[in-house]
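Written out below as structure tokens is the structure these notes cover.
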Amino acid sequence: MADYHIAPFDCLAEQFERLPGIGSKTAARLAYYMISVPQEEALQFADAIVDARRKLHYCRICCNLTDKDICSICADERRDKSVICVVEDIRDVIALEKTQEFYVSYHVLHGVISPMKGILPDMLRIKELLSRLKDGTVKEVVMATNATVEGEATAMYLSKLIKPLGIRVTRLAYGLPVGGDLEYADEVTLTRAIQGRSEL
């Protein structure tokens, strides 16, 4: 019995399947949904993807996502510029901002050091972080990488680079499970972690 295939549908499902966490069945459901909506709605969806891809880029200061030259956090004069919170991912900034407890600057590494996965220090935004520490404004760097082996190793690596500059290096006090990600933590847990951060 021959397999039943419709090339345009298969192509659409394959594109959805390329998204993180999407398996073949979910991809097929999403493809069915997209072909069932009015054409105008489908075009709006496609336009939103193209528009976001064209307009969004990384902030030239903190490497966060923005559609401007610098992101809204770096542009905010009310922020404590003497403290930089270092995170792995853009989603971690969003998680920490939800606590409304931490009005500091951020720096997004876009990953962690992981030799097993072929991710070396020069592949992260470490050089950009170090250049931010040269003018004497920053007094503390808070390591908020995830509580994983790679996250801890990255925090220790950065600590060894930063401490000789005379800058205090702290680590979030994790009330978080080891192996957990910041983006999945609730606001109370994150607030306690921020308040209980300790020296590395």
Under a plain spin-label model, where a point goes 7 Å from the Cα along Cα-to-Cβ, how far apart in nm are L65 and T148?
1.8
Highest first, please rank the peptides 71-77, 83-89 by the mean number of other Cβ atoms sitting within 10 Å of their residues.
83-89, 71-77
Does anyone have the angle between helix 149-162 and the longest principal axis of the chain? Alpha-carbon axes, 0 to 90°, nearest 10?
40
Calculate what fraction, in whole %, of the accessible area of the chain sits on carbon and sulfur atoms when a 1.4 Å probe is rolled over the protein chains.
57
In debye to the nearest 20, how big a dipole does the range 1-159 give about its Cα centre with +1 on each Lys and Arg Cβ and -1 on each Asp and Glu Cβ?
400
How far, in degrees from 0 to 90, does helix 39-55 lean away from the longest principal axis of the Cα atoms of the chain, to the nearest 10?
30
Only Lys, Arg (+1) and Asp, Glu (-1) charged, at Cβ; the range 65-200 dipole about Cα centre in debye:
520
√(5λ) per eigenvalue of the Cα gyration tensor, the range 1-107, largest first, Å:
40, 16, 11
Comparing R54, R125, R91, which has the greatest mean-square fluctuation in the GNM of the chain with Cα pairs linked when under 10 Å apart?
R54
Inter-part gap, Cα centre of the range 1-64 to Cα centre of the range 135-166, in whole angstrom, is 37
Taking the solvent-accessible surface of protein heavy atoms with a 1.4 Å probe, what is the per residue accessible area of the chain in Å²?
62
So the compactness index of the range 72-118, its C-alpha Rg divided by 2.2 N^0.38 Å, takes the value 1.31
Percent of alpha-carbon pairs separated by more than 30 Å within the chain:
35
The chain, relative contact order in percent, only Cα pairs under 8 angstrom and at least six apart counted:
16
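The values are calculated or read from the model by the stated rules, or taken from the named source; none is laboratory data. The shown structure was predicted, so the numbers you read here are calculated from the model rather than taken from an experiment. Cβ coordinates were reconstructed from backbone atoms using ideal geometry, including for glycine residues, and neighbour counts include every protein chain displayed. Accessible surface is based on the protein model in full, side chains and every heavy atom, while ligands, DNA and RNA are left aside. Shrake-Rupley method; radii C 1.70, N 1.55, O 1.52, S 1.80 Å.
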